[in-house]
Amino acid sequence: KAGVTQTPRYLIKTRGQQVTLSCSPISGHRSVSWYQQTPGQGLQFLFEYFSETQRNKGNFPGRFSGRQFSNSRSEMNVSTLELGDSALYLCASSLGGGTRKINTEAFFGQGTRLTVV
Amino acid sequence: SQQGEEDPQALSIQEGENATMNCSYKTSINNLQWYRQNSGRGLVHLILIRSNEREKHSGRLRVTLDTSKKSSSLLITASRAADTASYFCATPLMGATNKLIFGTGTLLAVQP
């Protein structure tokens, strides 16, 4: 079974630009979550999507947005990039179904390393 | 912040020794999970312990959970150089979500 695939792996953008990151979850997984990892703040939850609906959102400004498609693939977008957005962005997929399949282990992609200059 | 704390922040040991990492969390939980991250890469799930369990083993890993103290520990026995990585505990937010709240992590270095 293929793992979680994130593209691109590395990205360099300039301040003010926007960026779109992509995540393909494990086949059959309907829940996709996004995390930002920085040396200063650690791993911070961005948002979770389940069946094309945002189910939970972290404490990030509105410049951070996401969506999920009918095939469970997800994208996240960051507009008007700031230097502080430089980070490793991680996508995680989970079964995320009913109450018996909630809160289960998450499978992470290799991440997208975003550098804003 | 809901983020949990881990200690130590960094740990350096020799191959063959045991490594123990501790995690404290703040909220009620259904389970607690441990993940490993090799330098700058994705996280790998190691083990999940449910709130009604006190100890769990998986290979060279032993995890304990004390819900009264809101704490957990991860023991890696007979460590190897390949165990060098950052280790994070994570607690899922209760309810219909897979949101994970991560600890601050322990950087383990195993010297050959």
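Some points to look at:
- Averaging the sequence gap over all C-alpha pairs within less than 8 Å and six or more residues apart, then dividing by the number of residues, gives chain A a relative contact order of 36 percent.
- For A:SER27 and A:THR53, a Förster radius of 30 Å and the Cβ-Cβ distance give a FRET efficiency of 0.90, rounded to the nearest 0.05.
- Label-to-label distance, nm, for residues given as B:THR20 and B:ASP7 (7 Å Cα→Cβ offset): 1.3 nm
- Straight-distance crosslink candidates among aspartates and glutamates, where the alpha carbon sits under 16 Å from B:LYS26 and sequence neighbours closer than 8 are dropped: B:GLU5, B:GLU6, B:ASP7, B:ASP66
- When all protein chains stay in place and ligands, DNA and RNA are ignored, the 1.4 Å accessible-area order of B:ASP66, A:ASP85, B:ASP7, largest first, is B:ASP7, B:ASP66, A:ASP85.
- Only aspartates and glutamates eight or more places from B:LYS99 in sequence, or on another chain, were considered; those with a Cα closer than 14 Å are A:GLU48, A:GLU105.
- Rounded to the nearest 20, the size of the Cβ-charge dipole of chain B about its Cα centre is 340 debye, with Lys and Arg at +1 and Asp and Glu at -1.
- Listed by chain and number, the aspartates and glutamates whose C-alpha is less than 19 Å from the C-alpha of A:LYS13, apart from same-chain residues fewer than 8 away, are A:GLU75, A:GLU82, A:ASP85.
- Sites B:HIS45 and A:ASN77 - FRET efficiency at Förster radius 35 Å, r taken between beta-carbons, to 0.05: 0.80
- Approximate spin-label separation A:THR5-A:SER86, in nm, with each point projected 7 Å along Cα-to-Cβ: 3.0 nm
- Evaluated with a Cβ-only charge set (Lys, Arg +1; Asp, Glu -1), chain A carries a dipole of roughly 180 debye about its Cα centre, given to the nearest 20.
- A crude spin-label estimate for the pair B:ARG60 and A:ILE12, with each label 7 Å from Cα along the Cβ direction, gives 3.8 nm.
- Charge dipole magnitude, Cβ of K and R +1, D and E -1 - the protein assembly as shown, Cα centre, debye nearest 20: 580 debye
The values are calculated or read from the model by the stated rules, or taken from the named source; none is laboratory data. Because the structure is a prediction, the values reported are computed rather than measured. No Cβ is skipped: glycine too gets one built from the backbone with ideal geometry, and neighbour counts run over all protein chains shown. We work out accessible area using only protein heavy atoms, side chains counted, and drop any ligands, DNA or RNA first. Shrake-Rupley method; radii C 1.70, N 1.55, O 1.52, S 1.80 Å.
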